[in-house]
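Below is one structure, written out as structure tokens; the observations come after it.
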Amino acid sequence: MTFITDILSETDAIIAFAVVFTAFYLLRAVILHRLHAIAEKTKNNFDDVAVNILKTVNLFFATVISLYTALLIAQSPLLDSIIVQVVLVFTVTYQIDRASRVFFTWLIQKATKDDYGSSSVAGLRSIISIAIWMSGGVFFLAIAGFNISSLLAGLGIGGLAVALALQNILADVFSSFTIFFDRPFAVGDRIKFNAFEGKVEHIGLKTTRMRSLYGEQIIISNRALTEGEVQNFGRLTRRRISTVLGFGYGTSNSELEKIPADVASLVTEIEGLTFERMYFKGFGESDLNYELVYFVETPDMDHFVTATNALNLALKSYFEAHKIDIAYPTSTVIIEKGA
């Protein structure tokens with residue numbers, strides 16, 4: 001009651017509080033109105049974020065700031081009260097934290113639309129929130145008269161010990177941020193890392209989980225992924241296929257000369273396939289090698305399998321119809337008779 005009585009006794013402070021509080025809310029309303037008008041005319045959503053951040057300024061924050069400003073104007077002795085200082089630091093820290101959460105929510109929506117962004121940026125948001133509250137605590141200790149230099153030195157030594165103990169975990173956490181900003185892959189991409197291959201299901205702060213082609217879940221540390229080589233099949237625009245066809249040595253030159261053009265026609269007849277080249281690559285141990293190169297014009301695995309199957313059946317039918325021998329490994333033993 002003494003604290004409330006002291007406030008009420010300060011007539012100048014009360015008048016100043018009323019004026020500042022009214023001006024504060026009027027100014028907030030004007031700025032919000034102007035930002036709304038600007039936001040409706042622009043295509044970017046950064047002004048929408050500014051509006052949402054301004055909306056986080058609630059009645060409690062306005063009251064505390066207006067009261068503190070009024071006390072400053074009135075030069076009230078209550079400014080030295082520990083209660084006033086605690087409430088002020090808490091209010092400002094809480095407001096900064098609320099505004100940062102709105103900003104990072106916008107960042108999640110802007111940067112990504114998958115679970116990857118939600119988990120990674122949410123983790124970064126949590127770390128920043130902790131840093132904001134720690135900064136608020138340090139600031140309060142400073143205005144309360146504590147020796148911050150000695151405190152920070154002690155925290156530095158303790159923080160170093162903790163960092164050394166948690167260096168592997170911290171490395172994975174920062175690797176998660178690297179994955180988020182660099183975007184080497186995203187949830188839903190099929191990737192290959194060392195001997196592991198599968199579809200990415202979740203990217204967390206410490207590990208990335210993917211589902212292998214055989215069905216089991218594979219968990220890999222984020223640090224390993226950022227330090228190693230990752231093949232991302234999810235970024236394919238089209239697939240290049242190269243295969244070698246072997247024909248028997250008994251195949252005539254006239255038949256061999258016709259094969260590339262006929263095969264090119266077979267490739268182009270199948271939807272989604274583009275012929276690149278087919279040429280006489282060389283002489284094998286038991287066959288004449290031709291290399292066929294074509295593209296599957298989609299990254300979709302199901303279409304790749306269907307189109308390749310259709311092409312192989314068409315090639316087999318063509319070779320059978322033209323009686324062209326597809327070579328298979330053979331060995332010929334030549335026995336010379338003595339004189």
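Every number in this text was worked out from the coordinates using simple rules, so none of it is lab data. These numbers were taken from a predicted model, which means no experiment stands behind them. Note: ideal-geometry Cβ built from the backbone for every residue, glycine included; neighbour counts use all protein chains shown.
Of the chymotrypsin sites (Phe, Trp or Tyr not before Pro) found in the stretch 177-239, the ones in coil according to DSSP and having at most 16 other Cβ atoms within 10 Å of their Cβ are 214. Between residue 105 and residue 80, the FRET efficiency estimated from the beta carbon spacing at R0 = 45 angstrom works out to 0.70. Legend: calculated FRET efficiency, residue 34 to residue 209, from the Cβ-Cβ distance at R0 = 51 Å, rounded to 0.05, equals 0.65. Distance cut-off 22 Å, Cα to Cα: go down the list 199/316; 258/323; 192/281 and report the pairs above it. The pairs that break the limit, which is 22 Å between Cα atoms, are 199/316; 192/281. The Rg/Rh ratio of the stretch 239-321, with Rg taken over Cα atoms and Rh as the Kirkwood radius over Cα pairs, comes to 0.98. Between the beta carbons of residue 317 and residue 224, assuming R0 = 45 Å, the FRET efficiency works out to 0.40 to the nearest 0.05. With both labels modelled 7 Å from their Cα along Cα-to-Cβ, the residue 138 to residue 305 distance reads 5.6 nm.
Residues of the stretch 199-229 with an amide N closer than 11 Å to a point placed 7 Å from the Cα of residue 178 along the Cα-to-Cβ direction: 222-229. Counting 0.36 nm for each residue step from residue 326 to residue 194 and taking away their Cα separation leaves a gain of 43.9 nm. Checking every one of the GluC sites (Glu not before Pro) in the stretch 271-320 against DSSP loop status and a limit of 13 other Cβ atoms within 10 Å picks out 271, 285. Fully extending the segment from residue 55 to residue 262 would add 67.6 nm, taking 0.36 nm per residue of separation and subtracting the current Cα-Cα distance.
The modelled label-to-label distance between residue 23 and residue 295, using points 7 Å beyond Cα along the C-beta direction, is 6.7 nm.
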